[in-house]
Amino acid sequence: MTGKNEQAHGGPVCALEAALAFHRAGHVDRALHAYLSALEIDSGLARAWNNIGGIFRDWGRVSEAVDCFKKAISADGKMAEAHFNLGYVLEENGQFEAATGYYEAALAIRPDDGKALSQLVFLRRSTCLWPGLDEMETRLDALTRIAIDTGGPLAETPFKSIVRTADTAVNAAVARFWSHAATRRVSAAPPVIRSARRPDGRIRVGYLSDRFRNAATAHQMLSLFALHDRKDFVIHAYSYGADDGSRYRRRIERDCDRFVDLAEMDDEAVARRIAGDGVDILVDLKGHTQNGRLGIGARRPAPVQVTWLGFPGPVGGRFFDYVICDRIVVPDADRCHFTECPVRLPHTYYPTDFRQPVSHEPWHRADFGLPEAAVVLASFNQPLKIDPRMFGCWMTILADSPRTVLWLQKKNDTVTANLQREAAARGVDPDRLVFSGPMEKDRHLARIALADLCLDTRIYNGHTTTADALWVGVPVITLLGRHFASRVSASLLTALGVPELIARDLDGYRDLALGLASDARARQALRNRIFANRRSMPLFDTPRFVRHLEAGYRQMWRRHCQGRQPRPFDVEALP
């Protein structure tokens, strides 16, 4: 939007256009200098202030960015983009109430601003601020449908879609839109020369992620890299994330045949490095999640390209040949929604670390404010995954089982206050919600073992959260959902041999929780089975999981070497 002062003077307009040209060409330093020059002529150029704010935000200069966005709004109070940008930078820095106000202001100026509406819905879900959310989501659904039908613009991202919409067809349509956009952005780039290896040589597998550090991906995959069969495979890890110096980072560096730090390289340079290394199968572990770099895969640096683990849904990019999954998360009826060919592992698609350490610290419930005599129900999932309907079910369980408390992750004071208020509105004493903050992984595992029972979230299940609880013997109740993200816990529980913990509807979920909350002997029997099954069932048998994964890789590579197109297939179970 052009501010009123921008049209009154030819000089500042010309200076602004020059700044915009530098900015579009990627010459950020020159653009900043030109914006400042334009403002010396006319300090009321809203677009200049807004764009300088964006530069400062990208450089991490938060207070200067905030000041610039406020000056843009002062210069042009009807500039919806500046309101949105200010809301976004405030949200990133934990000022949730103020951010909400600026998103709402952007929508008041431009009611069909899908970007502002999507971000406001996501912020409200992330902070469990639910009043008015249904009406907002109805509006967002309508904007998303229009964008999909007309070809855009589409504001809602694939991750936001799977978090709130348990409909694989919708998730797939949103993902295809964003993946096609990634393809269009690289269409003019020179082609990357892909490797061509003989079918009787070792298969070079390259894992690509920013999470080869103290993060959930590394926690679950930690033992996998060393377990690969070096007679048939060469393992590369390509990292574009920060080196946090953690034991996870050092272990993965040690266990891979080659570990490449690509943090300072752009997508094209990364793709050329992967192709130059002769990678046969590239496995992207991010998809449409935060910091995902689909521009690498879109350049087709490897003959066979796979998406796995990070994004629980269709990625929608024709540059991925396969998606690694299982029959529970991707049943037959859902395969048609994937542009990638589903490769279904026999037990679960989800890796675990069979050597994951648990602290021997002698925790007591009192250490975390938990009553010793209570039945402790826990859900350490991100607040983003807690939706009003499931929270209402949890409150019914607490109301019908007075000896219970609900143990939750403490994300921030805003989430705590909002959930306490929601509990009170449902007739439950807010003091029955107990919150605990983050902790080192081995200590958290020892801590979560204090719970009697874990309650899974509904639309986006626990993944690592569920695996962690099961590793220390705590039963997890889940609800079998309608899309990939809402079926992950069912996959894990089935692979552990305790499918009776999977409910088919919310009534069954509630009844199962109430029954176990009132029956200490049944809970103990489940704990005993879980500990026994850890040694005998597939979920925590990491070596067998790796053999199944390798069987999938071999079949993918064989088809490629035979000149055949990718196709879906199921990996047969090995002893």
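The values are calculated or read from the model by the stated rules, or taken from the named source; none is laboratory data. These numbers were taken from a predicted model, which means no experiment stands behind them. When we count neighbours, we look across all protein chains shown, and the Cβ atoms used for this are built from the backbone with ideal geometry, even at glycine.
Data overview
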item	result
Some residue of the range 282-304 being hydroxyl-bearing (Ser, Thr, Tyr) and buried (at least 23 other Cβ atoms within 10 Å of the Cβ)	no
Evaluation of residue 511 against (1) touching a residue at least 12 places away in the same chain (Cβ under 8 Å); (2) assigned to a helix (DSSP H, G or I) (one fails), failing number	(1)
Residue within the range 369-376 that is surrounded by fewer than 24 Cβ atoms within 10 Å (Cβ to Cβ), in the same structural domain as residue 431 (by TED's automatic domain parsing), in contact with a Cys (Cβ under 8 Å, 6 or more places away or on another chain) and not in a loop (DSSP other than H, G, I, E, B) present	no
Flag for residue 575 being in contact with a Cys (Cβ under 9 Å, 6 or more places away or on another chain) and in a loop (DSSP other than H, G, I, E, B)	no
Of the criteria (1) among the basic types (Lys, Arg); (2) surrounded by fewer than 22 Cβ atoms within 10 Å (Cβ to Cβ); (3) within 29 Å of residue 484 (Cα to Cα); (4) modelled with pLDDT of 95 or more, which one residue 254 fails	(3)
Matching strands (runs of 3 or more DSSP E) fully within the range 220-310 where at least 3 residues are touching a residue at least 40 places away in the same chain (Cβ under 8 Å) and within 28 Å of residue 157 (Cα to Cα)	281-284
Residue 412 out of contact with any Pro (no Cβ under 7 Å at 6 or more places or on another chain) and closer than 16 Å to residue 476 by Cβ	no
Failed condition for residue 555, given (1) more than 26 Å from residue 318 (Cβ to Cβ); (2) modelled with pLDDT of 95 or more	(1)
Members of the range 57-72 that are farther than 22 Å from residue 412 by Cα and either surrounded by fewer than 20 Cβ atoms within 10 Å (Cβ to Cβ) or of a type in the set (Lys, Arg) (or both)	57, 58, 59, 61, 64, 67, 70, 71
The range 150-165 residues that are farther than 14 Å from residue 315 by Cα and touching a residue at least 24 places away in the same chain (Cβ under 8 Å), paired with ones that are aromatic (Phe, Trp, Tyr) and surrounded by 19 or more Cβ atoms within 10 Å (Cβ to Cβ) (beta carbon under 7 Å, 6 or more apart)	152/177; 154/177; 163/460
Boolean, residue 337 is at pLDDT 95 or above and within 23 Å of residue 466 (Cα to Cα)	no
Of residues in the range 513-542 being among the hydrophobic types (A, V, I, L, M, F, W, C) and buried (at least 17 other Cβ atoms within 10 Å of the Cβ), the one nearest to residue 503 (Cα to Cα)	513
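This table checks each residue for (1) part of a helix (DSSP H, G or I); (2) modelled with pLDDT under 95.
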{"position": "130", "(1), (2)": "no, no"}
{"position": "155", "(1), (2)": "no, yes"}
{"position": "159", "(1), (2)": "yes, no"}
{"position": "171", "(1), (2)": "yes, no"}
{"position": "180", "(1), (2)": "yes, yes"}
{"position": "201", "(1), (2)": "no, yes"}
{"position": "206", "(1), (2)": "no, no"}
{"position": "212", "(1), (2)": "no, no"}
{"position": "218", "(1), (2)": "yes, no"}
